[in-house]
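Structure record follows, encoded as structure tokens.
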Amino acid sequence: MITRNGKITFEASMPSFEEIKGINSTASCILDQATGDFVALALIKSFKFKSPLMEEHFNENYMESSLFPKATFKGKILNFDAKKVAAAKTTFDLEGDLTIHGVTKKIKTKINVTPSSGKIMATVSFDITPQDYGIAIPNLVKDKIAKNIETTINFTLEPQ
């Protein structure tokens, strides 16, 4: 199953400061229902913000998107069972390698998988710490950006 218009949202806002929220609606994902293999790719420059200046800073100063143009996840939905998914919303463990800013880290989280008219809705939430991925936050703004960035992924996967 596949999508090319998955949605990834991250929230790095701190109370009393300007909202820091990026949305990418063009992420790709492939799910192999036979094996549970789950692979996703997002182009960094496809994240959109309220402010063009914030988008520019995100791409040039933090993510260095000309050097590191994409983020990827390569992993597996553990004990994936397409029959369970066909019947009702099911939660599975998701493990794999997340690569951001040229740094790869293993992550473990939960994935909710829901059937929907022959498609599968997949939702994942996890936190990212910028320092873990070599993303430097200048002292001038470090108190305005969350230390743990809430990341949510929503994919509607269709048969290929």
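General remarks:
- Some residue of the stretch 111-123 being closer than 13 Å to M63 by Cα and hydroxyl-bearing (S, T, Y): no
- Considering residues of the stretch 6-35 that are of a type in the set (G, A, S) and surrounded by 19 or more Cβ atoms within 10 Å (Cβ to Cβ) only, the residue farthest from A86 (Cα to Cα): A12
- Positions within the stretch 103-121 being more than 20 Å from Q33 (Cβ to Cβ) and among the hydroxyl-bearing types (S, T, Y), in sequence order: T104
- Tally of residues being closer than 19 Å to I23 by Cα, surrounded by fewer than 16 Cβ atoms within 10 Å (Cβ to Cβ) and β-branched (V, I, T) across the stretch 133-160: 1
- For the stretch 72-92, a residue qualifies if it is in contact with a helix residue (DSSP H, G or I) (Cβ under 6 Å, 6 or more places away or on another chain) and charged (D, E, K, R), but none of them does.
- Filter result for D132 (among the acidic types (D, E) and within 16 Å of T72 (Cα to Cα)): yes
- If you check S51, S65, S116 for being at pLDDT below 95 and closer than 24 Å to K142 by Cα, only one passes: S51.
- When residues of the stretch 52-73 are limited to those that are among the hydroxyl-bearing types (S, T, Y) and in contact (Cβ under 8 Å) with a residue 12 or more places away in the chain, the one surrounded by the fewest Cβ atoms within 10 Å (Cβ to Cβ): T72
- Residue count, the stretch 1-46 (criterion: closer than 18 Å to T72 by Cα and either out of contact with any Asp or Glu (no Cβ under 7 Å at 6 or more places or on another chain) or not aromatic (F, W, Y) (or both)): 31
- Per-region count, the stretch 68-113, residues modelled with pLDDT under 95 and aliphatic (A, V, I, L, M): 5
The values are calculated or read from the model by the stated rules, or taken from the named source; none is laboratory data. Predicted model, so just to flag it, every value in this text is computed and none were measured. Positions of Cβ are generated from backbone atoms using ideal geometry, with glycine treated the same way; all protein chains shown enter the neighbour counts.
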